[in-house]
Structure formats: structure tokens, C-alpha cells
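First up is the structure itself, then whatever we jot down about it.
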Amino acid sequence: MSVTSEAMKDGLTRPAWWRRLGWFDWAWGALVVLASLYTSARYGALMDGFEMVILAGTVPVTLGLGWMWKAMRPYTLVVALLSLAAIALYGGELARGDSNFFLKYLLSSQSAIMWMSALFVMATAAYWLSLFMRSEFTGRVASALTWCASTMGFIGLMVRWRESYLIGPDVGHIPVSNLYEVFILFAVITGLMYLYYEGRYRSRAMGAFALTVISAAVAFLLWYTFEHQAHEIQPLVPALQSYWMKIHVPTNFVGYGGFALAAMLGIAYLIVDRLEPASVWATRLPTLAQLDDVMYKAIALGFAFFTVATVLGAMWAAEAWGGYWSWDPKETWALIVWLNYAAWLHMRLTKGWRGRPMAWWAIIGLFVTTFAFLGVNMFLSGLHSYGTL
Amino acid sequence: MAGFTNTPNSPRPRRSSGAILVEFLGSMNLAITLLVAISVAAIIGTVLQQNQPYPDYVRKFGPFWFEVFERLGLYDVYSAGWFLVLLGLLLVSTAVCVYRNTPTMLRDMRHFRLDVQDKSLRAFHQRAEWQAPGDTPAVAERAGAVLAAQGYRVRAKAHAERTVVAGMRGSWNRLGYLLTHVAIVVICIGALVDGNLPLKLSERLGHIKVETRDLPANQIPPESTLATDNPAFRGSVRIPEGGQADFVFLNVRDGFLLQKLPFRVELVDFRVDHYPSGQPKSFESDLLIHDPELPEPLKHTIAVNHPLIYKGYAIYQASFSDGGSELTVMARSLDAPNLDPLELKGAVYQNLKVVTPRGPLTVEFIDFKPHNVFPSEEDGDRFTDYGPSVVFKLRNEAGEAMEYLNYMAPVSLEGRHYFMSGMRATPAEPYRYLYIPMDANGSLERFFTLRSRVLDQEHVRRTVAAQAEGLIPADSDAATRAGLVDSIVHLVGLFGRGGMDALVGQVEKAVPEADRNQAMESYITVLQSVIGSIYLDQLREEGVLGEQGVSEADAQFFDDTLEAFAALGSYGSPLLMQLADFRHVEASGLQIARAPGKNIVYLGCVMLMAGVFFMFYLHHRRVWVSVAPGEHGARVLFAGSGNRDRAEFATEFEGLQRVLMTATGTAEVVVQKEAQQSCQ
């Protein structure tokens, strides 16, 4: 049956998605398109065919993200403006990072990352405080701190991208090439994923748990910086000089972020499950149903992107290493993580398992994921040791 | 009818064992068990280093566990029979699952179930019923239009007393299930095509035998050689510049097989570019492919991440190494320092035999590097290139070897120049370095002259005698004096030949424990005095001894020389090998692979990615509106279900219900709704 004009006038029709966009959506969308056109014009000569495709691909992805999750529009604008400001302040001179006030204390990649670290830790404290004190205001402060932290983190990565080129044109690369850089990416992506669910479910109760794992990542990051001077920008080894890094690594971290969030919510689930339903605590923490739901959604999202990341990794291996699958420890552990969450999802979707066993499984899943992420680099050797400790 | 009774013990019809097997294979429990089992099994291969030479495993685990692990196939676990059986079971389980569920899935996707009964609809979790004005066809049409406007695919069917309008959305969720599970089957098939099962079979049947000896390619027996018709393999080969190869080596467990290629790969030139830090920036090989089928050889440059795909063979730039650089080494004897240096001409990967007073030695040249870049001592951000270095082993008749790393150019430390030589007894230890001071001309002449005099007993005796007043108490008699002179000469000789090790050995042998420290100190004083005296004589000969006495540089030279002498005792080599000249030859490490199943696997991967997103983000929702004549015109019965997320579907259902009720112009609301509680 076709949609009659009467039905549309009745307001019974759900209008097509493009009709539901406002002027800000369109203005922002235009900026996104313009930005990528400018980038391709300015840097097109440095990019090969695949990288042009990736640049073109970021347009629909960014538009989709911003139109589906409205908060992304101001977020991307702030990140873009401040990053561009930092780049302008550098003006092609890396040394300005030590002399210019705004760069030195705010916008240079190291400063921005330190700000991100501090803000995430403060946000964690604020979320826990808001739980204890049952304070709406503290909760809002915590959300704001998380937004700021994610913003500064992303700015840090963007400015670091530029700084690597200022060191030398053949040193420059997208900042996802070693353990230090990807930890920042992990913190930012997990923070953003948490903020998405916070907005969707209009509940800050999960914040304390989600931010705790991000703070743990930040703690590791700081240790790694001070103990091993890991923040220094190193040039890429030949195997990493590929457009694949731009897509394989970020998708992997959407996966890791989802799994990390789910594990923290699993912990929350176990805690809430033990409390008396009417107790003071139980009313402040999220409900079991909500925790269960978000845990599933986080794992589903993480798993979908992790699948993509593993496939992209295999395709990259076929170009760099002599074959799409070598049973290399990192590849094998990626498969183990994938199988683990595939089993989790089967139990939930097909056998209808819910509740405590699934929460435990999500927590154990994080250990498996952490080993695949860190443990392999630390303890096992293999083709993938780009981020050794 | 009377007489019909149920036999109390009537047996249930027996299902065939085939049906039971199929049900087991397609069961979810088996699938999940397999997923977990494969994960655990895969872990083994990551913690136990795979495909190492078997002696390494024997050393690590001891003979008993080595046997056990070998029987279990743990050294090549991903090709082990039991692991492949697990994968095979997963494949069968998935295939059976797809086979059993596909008809249902397809039906669910297409079938609108327009014959659904009202009483079935009333049993739905989400349902509502109300009265609406108008006649049945009009209301049904209205309902259909509303559903279509909300994005549902709509079908209607008029029955005798009622009209059923069915709507469906997100049916591609079912397609997602099919895609993901068929993808697993497809990927497994592709992997099977690329796998080495035919090879294992050949080996089991005795057609091929894995070679474990270190042989050059042209000596490998035919039973360890694979012909060019092998459809899938992954091998590597190292080609020096100017060299060619028409084969690759396949690593199999603790040995290898030789894989012939239908073409020859020639390395014309290899280039490596470095960052200032010494790290490789890029390396590439200019290749020439010689194939009888080609009119002329194919020229192509490969680099990391940029392989050449030729006739289904993928040629990768994997690594690089030395290609047999030619080396000219000047060997100076440390035992007989006054001898002229011996010129040795060799090359990396070649051995030379040298005869020394300590016995014949084999010099095995292992590696050569034209640059050695390290962070500067002074400024961590800058780098210094220490120049060319050569790594070699000296093996004695007994087969014991010491490994040396010698730098060609003098190494500068705190403004002074040294000949630096690293030494280690096993690959597991770090190098220990010997620093021999160089004189003002940048040569080792002064050191060797001094050494030859120190090792010359007569020279030492003369020096000791001339110095006697300082060393020997004036009131000793001739016999004591002679004895002391002898023992001093002996001490100097011991130290000269054996360094600190010999000195310590002497102390421990001849001196009681309580007095050892004091004895050492006095020995060292004597040595410094005697050798110092010899050194002063040498300085006088060179004419560098001025009125001010010994210059600071010369004094430092003396200290360095004593330290070098002390260390030479454990240096383990009678020769000091100085690299005088070289001709650098590079070799490119290539990997060549043939993977006909790759595109099958990629197809499976694309299906998997699409399927996963369809499954999670499309929800299969179905609603029915059953319209029948009612009190005020029509009675509307609305029910529906979704295959995901009850809560979300409940919200959507409520929304649809509101819209439908408005659209059908409900006069009177008789609503029967299921309480919206979270149903677990």
C-alpha cells in the first residue's frame, strides 16, 4: 500500500530521516563535507588511492554519527576548532610548543593529554561522589567533566598528528601506532561510548563504573609516560606504514571500549544484585534491567566492530605479512576474544541467559580482552610487537 | 468408540540415530562448547612458542615433557589433528544449524501469516483491542495505510468474517543470521583450501619427508621437495643482491620443505633507508621475474605493505639481512704481539681456519652491519653512528665457541679513542666489552708494543732488576732477592697472559683467605710499578716524556692499558680481529605465498560483517490488525511481536497503537493490554 497524502497530513507518517534534520544538522553537515573537501585538496597529493577512499568514507560516518547522536555535532566542532587553533599556534614550528602559553599549558598534545587524564580522574571521583551524596548537581558536573576529558583527549590526538609531521615529513603519522597512543584512543572512545549510553538512558548511575575503567587506563598511561618516556613520537616501522592502520586500529578500540564498559556494568550488576531492592544504595544505582540491557548493547556494539577490526587486520596481514592468518599470538588472541563474546551472545540471544552468570562472563571477558590487548605485547613475542613494554 | 484404549506401555516411536546425531550436531550446547574449546586450545599455541627447533624444546621442558607435548602435537598445534577436528566439528555444527534453520528463517522473512487466528493474536504479549466506527474494509484500509506510513511492509487478506492486515519490518535480521552462519562455513572452506591438509596427508602416506638438516637448496633430497603444482603454501627465501631463486622454504614443525616455483626471482638491487635513530624507515627490492611464459622478464619493485602479485603468487618484502658481505680482517696475535698482523679474507656465512699457538681455530663470520646508530651519550635526542661492525665466532677444536662483535672504527669515549670488541659465550648473555686504548696516531701500535714487552720475560726481568731498590727491601740477601725477582717476573707474566682472572686464581691458590685482599693490593702495586716502568721507557723512546713528566693523556692511556690487560684474561681469544675493509652485500628476505582460498575467505568475511550488523541493528517486527464487524462498526484486534528487546518493542507497539487508534477514529476505547512489566 502506498502512503497516501492524507496519511502524511495526518501526521501519522514517520517522516523520512532527512526531513527530521534541523538547520543545525544541515549547517554542521555542510561543514563536515567542506572540511573533507579542503583536506583532500590540501593533502591529496600525499595520499594514495586507498587513503582518499578512507577520507571520503569519514564523511558519511561522521554525518551518521552526528545526526544519530546529536551531541556529536558540538563535540566535533569544539574538537576541530581547538585543534585547528593549536595547529595555527604552532605555525610550522615545533619549538613553539615550549614557548607559546596556550600550547604549553593547554593545547600541545602532551598538555591536552595530561588535561584529559586529570579530567577523567576528576570525573570518576565526581560520579562516585554523586552516587554517595545522591546529588544531581554533582552528577551533572561529572558528565561535564567527562565531556571535557573526551574533548581534550581527542584534541591531544589531533595535535599529536600534526606534531609528528612537524618533527619531519617522513616521521608524521596518524597517532594510533603504539601502545601509548592507543591507550589515549581507548580512553576517549570508551568515554564517548559511555556518554552515548548516558544520554540514551538518561541516567548517570552507570557513570561511576564506566569511568573507573577509564581511570585505570589513564593510570596505566601516566605510568607508561613517566617510566618509559612513552610519550615521545617515534617514526613508523615499515610494516605500519599503511592506510590499513587508519581503519583497523580505531575499529578495534570501539570493540575494546564496548567490552570494557560491559565488564564494568557486569560488576555493577553483581553489586546491585546483592543489595536489598529497597535499600538506600539500590535506589541510587541503576536497575538490574537497565544494567543487563546496556551490558548487552555494549557487547553487541563492541562485537560488531571487533569483527570488522579483525577482518581488516586479516586483510592487512595479507598485504604485509604473507597471508591473512598466521596464528600469530596477537591474531590468535583476537580470535579467542571474538569466540568468547560470540559464545556470550549465543547464550544470551538463543538460550535466553541473563543475570549473574552473564555478568560474570562479561567481567571475565574483559580479562581475556586485556590479555589480547596488553598481555600479548608484554609477555608473548610475535609479529605484532609494536607496543612492547 | 468403545474398545479404544491406550495401551499403558505403548512405546514412543524411536527416532533414528541419524536424526539424533543431526540434532546433537546442530545443538546450541555443542556450538558453544566448541567455541570455548577452540579458544582454550588456541591459547596453547600462544604461550608455547611454535615451530622452534626440537632441541630447544628438549632444553626447555626436559625429555619427558618434550615427548608428551610432541605426541599431543603442541609444537605445531594449529595443524595438529585434534585441533583440526575441533575446527571441523565447528564447521559441521554451523552447517547443520544453518541447514535446519534456513527454511524457518526464510519463511519468517517472507511469510506474513495472514491466516493467523484471533485467538492466537489474543495470546500475544503485546495486544490491544478496541471498537472503531466504519465498516470493516474501510477500517482495514486505514490500518494498512498507517502501518505502511510507519515503515512496515503491509499485506492484507479478507477472510469470511474478518480482514487481517499484516505488517512486517526489519526482516533482514533473519538474513543477518543466515549471512553470519553461512559466512563461518564459507570461511572454513576457504581456510581449508589454503590449508596444508594435502601436505599432511602426503607426509602421512610417506610421499614427502621433512628435512631437518641445514642444507643448501641444491642438496635437498627429492622427498623433501615439493613440485610447482602445490596450490597453497607460504614460504620464505633470502636472496642476496645479484642472486636468484626459483624456490622457497616452507617451515614445517622443526624442519622445512623445499617448494619449487615455476619462475625465477632475481634480486637486482636492495635498498634500505634509515631514520636518524638508526631504525629502518623503508626497505625495498628491485626484482626481476624470469618466466619462460613471459616475452621478457618482469621488472617490479616491492616494499613492505606493497607485495607483487604474479600469477596468483604473492611476493612480499618481509625482511633483510646480510647477503655475504666480503670482509678483510687483520688478525693480531695477543700471545705474540710482536708478530705482524695476518690478513684474513672471508665473507659473512663463510668459515676460515686459522692456526694459532693455542690450537687451530675456525672463524665463522656471522653478520656484518655497515651502520650502528645509538643515542648519543651527551644528548639523548641525537644519534651517533658507530660505523661498521662485524659479528663472528671463534670455535676451537673441541667445538666450543665464543662470539665477538667488533667495530671497525675507533670508538670515542670521553674524548679518547678505543678499539671496542664485544664478547659473549652464549647468545643469551649480553656482550661484555673490551676497550683497547689507541695511541695518538689512532693505531694499536703502542698497546701492542707495550704488550709484547710485558710478555717478554727477559725484558721484564731487566726492568725488575733495574727497579730493584724500589721493590725489594734493601736488607734482603741475594737468594731472597733472586727469589723475589723471579716471583715478580712470574707475576707479571701471569697477569700479562691471563689478566685479572689469572691473578685472582693465583691469590686463591697461594694465599690464605684472611690475607687475600692485602695480597691482591700488593700484587697490583707491584704490577703497576713494573709495567709502569716499562711504559715510561717506551714513552722515553717515543720522545713524549717532557720535563713535566707524564701527560694526562698518557697517564690515562696507562690506566686503560692495565684495564685491558686485566680483561684480556677472559677475552677467550688469542687473536684481536680488526676489520680493515669490506664490500657490503645485502640480501632481501622475501615471503612468497599462494592462497587460492583467500577470496573465498574474504567473501565470508564480508558476509560475516554485514550479517553481524543486520543481526544487532535490525529488529524483525511483525504486527497484525484483525478487523471484524463490531458493535459500532468494527472491532479492531491489534497484536505484534519483535524478535529482540522486549522493552523497545513494547514502546514501539504502544506508539503504533496510539496512532492506529487515532487513525481508525475510535469512538469507544475498550482496551485490553498486557501489563508492561519486564518479562524475563
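Potential lengthening of the chain between B:ARG462 and B:GLN52 amounts to 141.6 nm, from the contour at 0.36 nm per residue minus the alpha-carbon distance.
Per residue, the accessible area of chain B comes to 51 Å², computed with a 1.4 Å probe over protein heavy atoms only. Share of carbon and sulfur in the accessible area of chain B stands at 55%, probe radius 1.4 Å.
Sorted on the mean count of surrounding Cβ atoms within 10 Å across their residues, most packed first, peptides A:134-144, B:92-102, A:270-280 read B:92-102, A:134-144, A:270-280.
The listed residues B:MET402, A:MET295 rank as B:MET402, A:MET295 when sorted by accessible area, largest first, using a 1.4 Å probe.
What FRET efficiency would be calculated for the residue pair A:ARG356, B:ASP229, taking the C-beta separation as r and a Förster radius of 56 Å, to the nearest 0.05? Working from the Cβ atoms, E equals 0.50. FRET efficiency for the pair B:VAL354 and B:ALA425, taken as 1/(1 + (r/R0)^6) with r the Cβ-Cβ distance and R0 = 22 Å, rounds to 0.70.
Between B:GLU631 and B:SER522, the simple spin-label model (points 7 angstrom out along Cα→Cβ) gives 12.8 nm. Pairing chain B with chain A buries about 5100 Å² of accessible area. This figure sums both sides and uses a 1.4 Å probe. Taking label points 7 Å from Cα along the Cα-to-Cβ direction, A:ASP170 and A:THR287 give a separation of 6.2 nm. With the alpha-carbon atoms of chain A aligned to their principal axes, the span from lowest to highest coordinate is 61, 61, 47 Å, starting with the largest. The range A:311-365 and the range A:225-247 have Cα centres spaced 25 Å apart. What FRET efficiency comes out for B:ILE366 versus B:ASP501 if R0 is 22 angstrom and r is the Cβ-Cβ distance? Round to the nearest 0.05. E(calc), rounded to 0.05, equals 0.25. Across peptide A:308-318, the mean count of Cβ atoms from other chains lying within 10 Å of each residue's own Cβ comes to 3. Quick one: which bits of the range A:330-344 get at least 50 Å² less accessible when the partner protein chains are in, versus the chain alone, with a 1.4 Å probe? Residues of the range A:330-344 that lose at least 50 Å² of accessible area once the other chains are added: A:ILE336, A:LEU339. Counting only protein heavy atoms, probe 1.4 Å: which residues of the range B:39-61 lose 10 Å² or more of accessible surface in the full assembly compared with their chain by itself? Relative to the lone chain, where solvent access is computed with a 1.4 Å probe, the range B:39-61 loses at least 10 Å² at B:SER39, B:ALA42, B:ILE43, B:THR46, B:VAL47, B:GLN49.
In plain terms, the chain from A:ALA125 to A:VAL33 could stretch by 29.3 nm, reckoned as 0.36 nm per residue minus the Cα-Cα distance. Under 11 Å from a label point set 7 Å out along the Cα-to-Cβ vector of B:VAL92, the amide N atoms of the range B:11-50 belong to B:21-22, B:24-26.
Please report how far the C-alpha centroid of the range B:327-353 lies from that of the range B:110-143, rounded to the nearest whole angstrom. One Cα centre to the other: 99 Å. Each of the peptides B:44-52, A:222-230 was scored by the mean count of other Cβ atoms within 10 Å over its residues; in descending order, highest first, they stand as B:44-52, A:222-230.
Here, chain B yields an orientationally averaged convex hull projection of 57.1 nm² when only Cα atoms define the hull.
Comparing each chain alone with all protein chains together (probe 1.4 Å, DNA, RNA and ligands left out), the residues of the range B:134-167 losing at least 50 Å² of accessible area are B:ALA149, B:GLN150. Where only DSSP H runs of four or more residues are counted, the protein assembly as shown gives -17500 deg cm²/dmol as its mean residue ellipticity at 222 nm, each run worth -39500 (n - 2.57). If the chain linking B:GLU203 and B:ARG110 were pulled fully straight, counting 0.36 nm for each residue of separation and taking away their Cα-Cα distance, it would gain 28.4 nm. Helices assigned as whole DSSP H runs in chain B whose Cα atoms extend at least 27 Å along their own long axis and whose mean Kyte-Doolittle hydropathy is 1.0 or higher are found at B:28-47, B:172-194, B:598-617. The modelled label-to-label distance for the pair B:ASP486/B:HIS290, using points 7 Å beyond Cα in the direction of Cβ, is 7.3 nm.
The values are calculated or read from the model by the stated rules, or taken from the named source; none is laboratory data. Bear in mind the structure is a predicted one, so any value in this text is a computation, not a measurement. Positions of Cβ are generated from backbone atoms using ideal geometry, with glycine treated the same way; all protein chains shown enter the neighbour counts. Note: areas computed on protein heavy atoms with side chains; ligands, DNA, RNA excluded. Shrake-Rupley method; radii C 1.70, N 1.55, O 1.52, S 1.80 Å.
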